[in-house]
Every structure is written in C-alpha cells, then in structure tokens.
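The values are calculated or read from the model by the stated rules, or taken from the named source; none is laboratory data. None of these values were measured; they are calculated from a predicted model. Cβ: placed from backbone, ideal geometry, glycine included. Neighbour counts: every protein chain shown.
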Amino acid sequence: MGLFDSIRGEFIDIIEWTDDSSDTLVYRFKRHDNEIKNNAKLVVREGQTAVLINEGQLADVFTPGTHTLNTQNLPILSTLKGWKYGFDSPFKAEVYFVSTRNFTDQKWGTKNPITLSDARFGMLEIRAFGTYVIRVDDPSKFIKEIVGTDGHFTTDEITNQLRSLIVTRFTDAIGEAELPVEKYAANTNEISKLVKDIMQEDFNAYGIGLTKFLIENVSMPEEIKKEVFELSRLDKIDLDKFARIKAAKAIEKAAENESGTAGAGMGMGMGFAMANQMGNAFAPNQGQQQTAQPAASGSAPPPIPVAETYHVVVKGQQSGPFEMGTLQKMISENQITKESLVWKQGMPTWTAAGQVSSFTNLFGAVPPPLPPS
C-alpha cells in the first residue's frame, strides 16, 4: 500500500449530526463546496433520517445506522450523476438530516373570538387554546413541500402556519358538533379526537404526522357563563321557593325605589301576594289545626284578593314585577308603550302590552298628546 493510499484510508469522511437542540426539524450538513469523498461514512442516529439532494433533486434516503457512501448504496444518486462503472473522486451532494422524533408542547390558540350560533343563547363568541405534538413522517415530502433550501429549519418556522390550520379545522368541527355551549368543557376529549382526525390529512400533505392534539380550555363570555350557571341552578332547586325569594327581593327593591301612593300601593299589593303565597305554603298545617280545633262560630272570611303584577322590558332590561297602579304611571310617562314586552306568571311567553287585555284600559286611560299650537 502506498503512502497516499494509507493517508486516504485514514481520512475517510464522517458525516453525522449530533442534535442538542429541542426545536430543530431539519439540519443541512456543512461541507465546503458540498464535496463528499467516496466511501465516506454516513452516521444516522435513532430519531433521524438523512436525505441526499443533488442539484435540487431528491436522491437517496437513509434510515438510522452507519452507511458507506458508494455506488452500491447510492442507486438514485448514481443514476442522476451517470456513474456506470463506479467512482473514486469526491462527489457533490447536499446532506439534510431530518429529526423524526416527537416535538411536544406545541401551542395553539384563537387570536380572535370564534362566533357560533347556540340554540338557546343565539350568536355568541368563544375562545379556545391547547397543545399538540408533531413528528416528520415523510422526510422527502417535508423537505420538498416545506423546507426547500433552508439549512436550519426549526419548529418556529412552521407553527404559525399549523396554528392557522388548527383554528380553521377547530371552528368547523365545533360548528358541526352543534353541542350546547356548556357541554364543551365536558366533551374536550371527544372534540380533541374529532379535530385531530379531521386535521390528519392536512398534516400528511406536508409530510408531518399529528401525534396528539389537546384542547385545554374553551371559554365563553362572562354574561353567557352567568346565564348558564343560573339555568343549572334552576334545574336543581325548588322553583316555588325560588319564586318566593325573588318576590321578597322585589318588594325590598320597590320599597327603596318607589315613593308616594303608587309605591305604597305596589308594596301593599305585592305584600298581599306574598302573604297569600306563604299562607298557601303553610296550608296543610293550618288545615290540621282547624280539624283539631274548629272555629267557634260563623264561617271563615274569603281570601284576600291577590294584586295582579307584570314584569316589563324597559330599555332592553327586565324590570318588575309592577302592580297595575305603577304600570299606569309608567304608561303615562311613556316608559311603557303598546309594543313593550310584558309577562306575568301563567303566560307562556313575553307578549306586547297592546295585546294583553289587562293593559287595554290602561292605554285607554292615557290622554292623547296635545295638538300643536
């Protein structure tokens, strides 16, 4: 063996990438003028794939292991370069190392609120955020579709594009699910799986696998959240007791805000109503006492009549309940019109005041506007 043969044998190229970063997807091996010696050693570690590119064309792909680069294991590159009988001199090719491990804790979230239609609350806005995990499944496609000639490609360079894709697919998925808004929190696993399955095809088009997709939180406006909480409480409590509490609070509020005869009349009317409701609540006990000790003489007096009260929508807000005297005053002050919505216990829905018989006389009692002078 000659001197030059000995030296050439001792200085065989070693091509490898020791990845110490947590966000590098693709790394181009740095070599002066991209020259690689014949029989160079290519070391591909676990979690990596090496891709050789010749003059912009994808050539050979190498999986984990140690490979000797010559015409026997470079079939595509040998064809591209026209090597029919082997080669001894250095050859030019770019070597890209692609990380095929899982990249965890990638963040996604909605920059702007998503508008949805709910059967009970109408149009509303929600926000959502979570994490996902990706992995390069097809290194050749990933380099061709995404990386190009970038010599150091990181997750930051693709996360914005993936985040936009995720938000689009997430919006479509929850729109098609048609779940009540309060059910999102209880079905995050189901929605996460649905969105992941929908997006997998989009990620595959880039050579990327979506290993995991998680929704951490779906938030709604505070006013909708309060309504949801109130509805859930109403399902669990005694509605009769709840109505009494509301009536008692309304009496307190009326006593603070109303003055004069109308306020006094309203307070008395609602007081009578409250007394009657409480009397009915304790009726069984009273009946037992009367059975045990009947009245000494005469018959029991008739029950005190209950004043008729209505809730009214004033300036877009629910107000009341109000006794008829107070309603008359509000009509005279143009706070209530025939188009104003009113409701009382027993009515199925809110109805325009002009269509409620109890208001017919009230509107008739209001004088028309003065003629112009």
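Check whether at least one residue in the stretch 332-352 is over 16 Å from Ala243 (Cβ atoms), modelled with pLDDT of 60 or more and in a helix (DSSP H, G or I), and report yes or no.
Within the stretch 332-352, one or more residues are over 16 Å from Ala243 (Cβ atoms), modelled with pLDDT of 60 or more and in a helix (DSSP H, G or I).
Looking only at the stretch 188-231, which residues are among the small types (Gly, Ala, Ser) and either in contact with a Phe, Trp or Tyr (Cβ under 8 Å, 6 or more places away or on another chain) or buried (at least 19 other Cβ atoms within 10 Å of the Cβ) (or both)?
Ser192, Gly207, Gly209
Where residues in the stretch 130-167 are of a type outside the set (A, V, I, L, M), buried (at least 16 other Cβ atoms within 10 Å of the Cβ) and under 17 Å from the mean Cα position of the chain (by Cα), which of them is modelled with the lowest pLDDT?
Out of the qualifying residues, it is Arg163.
Please pick out the residue among Asp172, Asp150, Asp156, Asp137 that is free of Cβ contacts under 8 Å to residues at least 40 places away in the same chain and either of a type in the set (Asp, Glu) or assigned by TED's automatic domain parsing to the domain that holds Lys111 (or both).
Numbers: Asp150 fails: free of Cβ contacts under 8 Å to residues at least 40 places away in the same chain; Asp156 fails: free of Cβ contacts under 8 Å to residues at least 40 places away in the same chain; Asp137 fails: free of Cβ contacts under 8 Å to residues at least 40 places away in the same chain.
Exactly one of Asp172, Asp150, Asp156, Asp137 is free of Cβ contacts under 8 Å to residues at least 40 places away in the same chain and either of a type in the set (Asp, Glu) or assigned by TED's automatic domain parsing to the domain that holds Lys111 (or both), namely Asp172.
Out of (1) surrounded by 13 or more Cβ atoms within 10 Å (Cβ to Cβ); (2) modelled with pLDDT of 85 or more; (3) among the acidic types (Asp, Glu), what's the single condition that is false for Asp118?
(2)
Select from the stretch 65-79 the residues that are under 14 Å from Val51 (Cβ atoms) and either among the aromatic types (Phe, Trp, Tyr) or surrounded by 16 or more Cβ atoms within 10 Å (Cβ to Cβ) (or both) and list them in ascending order.
The answer is His67, Leu69, Leu74, Leu77.
Residues being more than 30 Å from Asn39 (Cα to Cα) and buried (at least 19 other Cβ atoms within 10 Å of the Cβ): count how many of those fall in the stretch 80-115. Even if it seems obvious, please write down each step before you answer.
Taking the stretch 80-115 as the starting set, the residues that turn out to be more than 30 Å from Asn39 (Cα to Cα) are 102-115.
Filter once more, keeping what is buried (at least 19 other Cβ atoms within 10 Å of the Cβ): 103, 106, 108.
Going through the stretch 80-115 one residue at a time, the tally reaches 3.
Sort out which residues of the stretch 40-65 are farther than 16 Å from Phe91 by Cβ, free of Cβ contacts under 8 Å to residues at least 60 places away in the same chain and outside any loop (DSSP other than H, G, I, E, B), and write them in order of number.
Across the stretch 40-65, the qualifying residues are Val43, Val44, Gln48, Gly65.
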